[in-house]
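Remarks on the structure that follows.
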Amino acid sequence: MRWRHKDLLDLDNLSAQEIELVLQSALSMKEVLFRPIKKLPTLRGKSIALMFYENSTRTRTSFETAAKILGADVTNFSVAQSSVNKGESLLDTAKTLQAMNIDLVIIRHACSGASEFLAKQLKAGVINGGDGQHAHPTQALLDFFTMKERWGEFKGKKVLIVGDILHSRVAHSNALGLKKLGAEVVLIGPPTLLPPEMSYLGVKTSYDLDSELPGADAVMALRLQLERQQSGLFPSLREYNRLYGLTREKIAKTGKDTIILHPGPLNRGVEISSDLADSVQSVIEEQVTNGVAVRMALIYLLIGGTSNVMA
Amino acid sequence: MLWLKNVHLVDPGQGISDKASLLIKDGKVAKVCRGEKQLTEEEVLATLGVSELKEVSQVDGEGKFLFPGLVDVHVHFREPGQEDKEDINSGSRAAVRGGFTSVLAMANTQPVIDTRALVEFVRLQGERAGLARVYPVGAVTKGFQGRELTEMVDLQKGGAVAFSDDGLGIQSAETMRLALEYAKLTGCPLISHCEDNSLAGQGVMRKGEASARLGLKGIPASAESVMVARDALLAGETGGKVHIAHVSTKESVWIIRTAKKLGINISAEVNPHHLLLTDEDVQLTDTSYKVNPPLPNREDQEALLEGLLDGTLDMLATDHAPHTWEEKMRPFAEAPFGINGLEAALAALWQELVLKGKMKPEKLIELWSLNPAKRFALQGGSLKAGSPADMVLFDPKWREKITAESLESKAQNTPFLEKELQGFPIMVWVEGKLVMENRKIVGKK
Ligand SMILES: [Zn+2]
């Protein structure tokens, strides 16, 4: 099967087979990561622009590392922080990128739809590195890769996603993709962070973590933005932690060899306890490694053309 | 002088929906002759007081409707201050091209229309444009601050026909209560833009499955409805006169229905886009669907139509809100709210409601001409003998694609852009003067 998309904006329009293709390609990429010399000539002469309108050293570094291993030239555009009125409009930025003949743009932006906006303006490919509350497809794909490495397949697996579902593009993309891959997904959080319209995802939702734990094969904790307390979305870290914080005791209730995921960065002692985050069940560090492999695969699929990846 | 023959006159103010001929003299309707019977030349000459027929222009309206000019109680003409979006001249051109002979220009300009001098400026600019009748709406509070009331009596003397801080909801219930009391001095309605800021938050579209799917912050329906309830109660308690702008939720419809049953002096308008589009139509990269109040869900839409048909809701209004292309060419959350309405609204409703049998032409004209003229005590609304000859000759078969080039408005932020619609005005008169013919403005640029 061949890749036929110019951009990667969302998991909406990817089929299960296309997701599997990404995961398969990532497997060969991961092998490269463990070579003594981590450099391929595959994308020599290709230019990639990183545009991070939201701070995220982790994700930006992951993309940058992936692009460099593949031999591409990477330009970090320093973009003014969330400047709606000062600074250049996204439209003008798109025109600049077009004029510079960039091959691939990776964008993270606080506005939902910003990556789609760029993709419509540009001949170049666009990868969505996270847009508003909308989608974070590369994070979801690296999560799938991590699960698949452990399980081999998704059918019959139960995945709990716990926390601030409302604001989490990670949760949205994960739920969409896992459903396509055949896993059972349960979204869990307090009603203020898990409003009824999340029904659009077509997966089970619950306010009660404890009752969903039995049988869970994976539990993913979402990062809690602490300032949401000031907006009245939860009363205190104490109560949040008691109800939705992941601990070894709670995870023991799954009755399985459950894996623990977290997109990072962690609020230790809030959504996840330190001892659980550092336990053998935790795959949080693997997620970081796999992130590079999956992003290499995506960059390659989008602009690698017919060049031989392993050359 | 004008002799209009063979039209189908739709004039709910006279209870007429019938074949008719009309004679127009000195800017007024001189005679309405109803039914198949034709006026004789002698009758025409006698009524118009002329000796020869060549002094009379004649228009044969066979197959066309004649409506009293439409009255739109909610437009944003952006002048003074934001003339890159629209000005009173371009807005007036858009109005008459869309079939509107009277409009109420909202006060949320820069500066806001909160003094008599500014009210008179808007009125004069409307007169200079010389097309539609442009009635200024004065601000309720100075500088739209939501605190001190404007000099409403003076504003009215300058030409204001209503008061509104439209664009913003008046957050303080006490300010609204006092405004309803004080506006009694003028007899003018207070137009309320109902939006509770604490509920609307940073939302950009209606809260629901569609907003969740698009990852856009949602505005709950209650952001509007709670303020509609508040204002209905305040109007009841004070005996003031309130008009609810752009009703978009079913709960608002229930509240207004109950309020009317209780005898509260309340009226309400609905915008065409709320009747024709829903939150499911919103696309992340088409900000012409971004409007405030946001596009409703299907159930709201049904309640809005039902409310219009049973008389709970009194009128249609475009909430014409032009914005520049650059402003709208932004990510959804960063683009301004607003739909450019005047030039596509009538055709869009004709096609989707009248042609589909959901609303009769008579009702459409009652809602868009008679009722608004009555509520805001304006000229027009009917073509009885003696009334001003504000008229629209409407071709129900005319098909036209809405394009950026064809729009008289400076802006093009309409979801109907590049869509073909059916049913357009082909001639428009204001006070007997022809201002639009064959879809083109007559006279100066
Ligand atoms: Zn408004």
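Scan B:Glu408, B:Glu437, B:Glu431 and give me the residue that is farther than 22 Å from B:His76 by Cβ and touching an Asp or Glu at 6+ places or on another chain (Cβ under 8 Å).
Working: B:Glu408 fails: farther than 22 Å from B:His76 by Cβ; B:Glu437 fails: touching an Asp or Glu at 6+ places or on another chain (Cβ under 8 Å).
None of the others qualify; the one that does is B:Glu431.
Quick one: in the stretch B:334-353, which of the residues that are away from the ligand (no atom under 16 Å from the Cβ) and in contact with a Lys or Arg (Cβ under 7 Å, 6 or more places away or on another chain) is farthest from the other protein chains (Cβ to nearest Cβ)?
Checked the stretch B:334-353; the qualifying residue farthest from the other protein chains (Cβ to nearest Cβ) is B:Glu343.
Could you check the stretch B:190-204 and list, in sequence order, the residues that are surrounded by 21 or more Cβ atoms within 10 Å (Cβ to Cβ), under 25 Å from A:Ser199 (Cα atoms) and more than 10 Å from chain A (Cβ to nearest Cβ)? So that I can check it myself, show each step before the final result.
So the first thing to find is which residues in the stretch B:190-204 are surrounded by 21 or more Cβ atoms within 10 Å (Cβ to Cβ), and the list is B:190-195, B:200, B:204.
Now narrow it down to the ones that are under 25 Å from A:Ser199 (Cα atoms): B:200, B:204.
Answer for the stretch B:190-204, where residues must be surrounded by 21 or more Cβ atoms within 10 Å (Cβ to Cβ), under 25 Å from A:Ser199 (Cα atoms) and more than 10 Å from chain A (Cβ to nearest Cβ): just B:Ala200.
Would you call A:Tyr207 within 10 Å of chain B (Cβ to nearest Cβ), of a type outside the set (S, T, N, Q) and more than 25 Å from A:Thr57 (Cα to Cα)? Talk me through it step by step, then tell me what you get.
Details: within 10 Å of chain B (Cβ to nearest Cβ): no; of a type outside the set (S, T, N, Q): yes; more than 25 Å from A:Thr57 (Cα to Cα): yes.
Spelling it out, it is not the case that A:Tyr207 is within 10 Å of chain B (Cβ to nearest Cβ), of a type outside the set (S, T, N, Q) and more than 25 Å from A:Thr57 (Cα to Cα).
For the stretch B:184-197, enumerate the residues that are more than 15 Å from the ligand (Cβ to nearest atom) and either in a loop (DSSP other than H, G, I, E, B) or within 18 Å of B:Phe337 (Cβ to Cβ) (or both). Give the steps one after another, and end with the answer.
Filtering the stretch B:184-197 down to residues more than 15 Å from the ligand (Cβ to nearest atom) leaves B:184-188.
Those that are more than 15 Å from the ligand (Cβ to nearest atom) and either in a loop (DSSP other than H, G, I, E, B) or within 18 Å of B:Phe337 (Cβ to Cβ) (or both): B:Thr186, B:Gly187, B:Cys188.
Considering (1) surrounded by fewer than 24 Cβ atoms within 10 Å (Cβ to Cβ); (2) part of a helix (DSSP H, G or I), say which one A:Val186 fails and leave the rest.
Going through (1) surrounded by fewer than 24 Cβ atoms within 10 Å (Cβ to Cβ); (2) part of a helix (DSSP H, G or I) one by one, A:Val186 breaks only (2).
If you take the residues of the stretch A:210-255 that are within 14 Å of another protein chain (Cβ to nearest Cβ) and assigned to a helix (DSSP H, G or I), which of them is surrounded by the fewest Cβ atoms within 10 Å (Cβ to Cβ)?
This residue is A:Glu227.
Tally the residues that are closer than 16 Å to B:Phe77 by Cα and not in a loop (DSSP other than H, G, I, E, B), restricting the search to the stretch B:328-344.
If we filter the stretch B:328-344 for residues that are closer than 16 Å to B:Phe77 by Cα, which is where we start, we get B:336-343.
After this cut, where a residue has to be not in a loop (DSSP other than H, G, I, E, B) as well, the list is B:339.
Final tally of qualifying residues: 1.
Which of the residues spanning the stretch B:305-326 are of a type in the set (A, V, I, L, M, F, W, C) and either surrounded by fewer than 24 Cβ atoms within 10 Å (Cβ to Cβ) or within 16 Å of the ligand (Cβ to nearest atom) (or both)?
Kept after step one, since they are of a type in the set (A, V, I, L, M, F, W, C), are these residues of the stretch B:305-326: B:305, B:308-309, B:313, B:315-317, B:321, B:325.
Of everything in the stretch B:305-326, those that are of a type in the set (A, V, I, L, M, F, W, C) and either surrounded by fewer than 24 Cβ atoms within 10 Å (Cβ to Cβ) or within 16 Å of the ligand (Cβ to nearest atom) (or both) turn out to be B:Leu305, B:Leu309, B:Leu313, B:Met315, B:Leu316, B:Ala317, B:Ala321, B:Trp325.
Six or more apart or on different chains, Cβ under 6 Å: which pairs go from a residue in the stretch A:132-146 that's away from chain B (no Cβ under 14 Å) to one that's among the charged types (D, E, K, R) and surrounded by 24 or more Cβ atoms within 10 Å (Cβ to Cβ)? Could you list them?
A:Thr138/A:Arg295
With respect to A:Val170, determine if the residue is touching a helix residue (DSSP H, G or I) at 6+ places or on another chain (Cβ under 6 Å) and either more than 20 Å from A:Pro263 (Cβ to Cβ) or outside any helix (DSSP H, G or I) (or both). I'd like the intermediate steps shown before the answer.
Numbers: touching a helix residue (DSSP H, G or I) at 6+ places or on another chain (Cβ under 6 Å): yes; either more than 20 Å from A:Pro263 (Cβ to Cβ) or outside any helix (DSSP H, G or I) (or both): no.
No, not satisfied.
Residue check: is B:Val282 assigned by TED's automatic domain parsing to the domain that holds B:Lys207, out of contact with any Pro (no Cβ under 6 Å at 6 or more places or on another chain) and within 16 Å of the ligand (Cβ to nearest atom)?
Details: assigned by TED's automatic domain parsing to the domain that holds B:Lys207: yes; out of contact with any Pro (no Cβ under 6 Å at 6 or more places or on another chain): yes; within 16 Å of the ligand (Cβ to nearest atom): no.
So B:Val282 fails the test.
For the condition away from the ligand (no atom under 16 Å from the Cβ), at pLDDT 95 or above, crowded, with 23+ Cβ neighbours inside 10 Å and β-branched (Val, Ile, Thr), what is the one hit in B:Ile264, B:Ile244, B:Ile255?
On the way: B:Ile264 fails: crowded, with 23+ Cβ neighbours inside 10 Å; B:Ile244 fails: away from the ligand (no atom under 16 Å from the Cβ).
Going through B:Ile264, B:Ile244, B:Ile255 in turn, the sole match is B:Ile255.
Can you find a residue that is touching a Pro at 6+ places or on another chain (Cβ under 8 Å) and within 16 Å of the ligand (Cβ to nearest atom) anywhere in the stretch B:93-102?
no
Out of all the residues in the stretch B:223-239, is one or more outside any helix (DSSP H, G or I) and within 15 Å of the ligand (Cβ to nearest atom)?
Of the residues in the stretch B:223-239, the ones outside any helix (DSSP H, G or I) are B:239.
Okay, now just the ones that are also within 15 Å of the ligand (Cβ to nearest atom), so none.
No - not one qualifying residue is present in the stretch B:223-239.
Can you pull out every residue in the stretch B:209-220 that is away from the ligand (no atom under 16 Å from the Cβ) and at negative phi? So that I can check it myself, show each step before the final result.
First, pick out the residues of the stretch B:209-220 that are away from the ligand (no atom under 16 Å from the Cβ): B:209-218, B:220.
B:Glu209, B:Ala210, B:Ser211, B:Ala212, B:Arg213, B:Leu214, B:Leu216, B:Lys217, B:Gly218, B:Pro220, listed by residue number.
Filter the stretch B:362-388 for residues that are in contact (Cβ under 8 Å) with a residue 40 or more places away in the chain, in a helix (DSSP H, G or I) and surrounded by fewer than 20 Cβ atoms within 10 Å (Cβ to Cβ) and give the result.
Going through the stretch B:362-388, the residues in contact (Cβ under 8 Å) with a residue 40 or more places away in the chain turn out to be B:362-373, B:375-388.
Adding the requirement that they be in a helix (DSSP H, G or I) leaves B:362-373, B:375.
Across the stretch B:362-388, the qualifying residues are B:Glu362, B:Lys363.
Only one residue in A:Leu8, A:Leu97 is of a type outside the set (Ser, Thr, Tyr) and in contact (Cβ under 8 Å) with a residue 60 or more places away in the chain, so which one is that?
On the way: A:Leu97 fails: in contact (Cβ under 8 Å) with a residue 60 or more places away in the chain.
Only one candidate passes the filter, namely A:Leu8.
Of the residues B:Glu86, B:Glu148, which is more than 15 Å from the ligand (Cβ to nearest atom) and free of Cβ contacts under 8 Å to residues at least 24 places away in the same chain?
Numbers: B:Glu86 fails: free of Cβ contacts under 8 Å to residues at least 24 places away in the same chain.
After applying the criteria, what remains is B:Glu148.
The values are calculated or read from the model by the stated rules, or taken from the named source; none is laboratory data. Just so it is clear, the model here is predicted, and its values are computed rather than measured. Backbone-built Cβ (ideal geometry, glycine too); neighbour counts: all protein chains shown.
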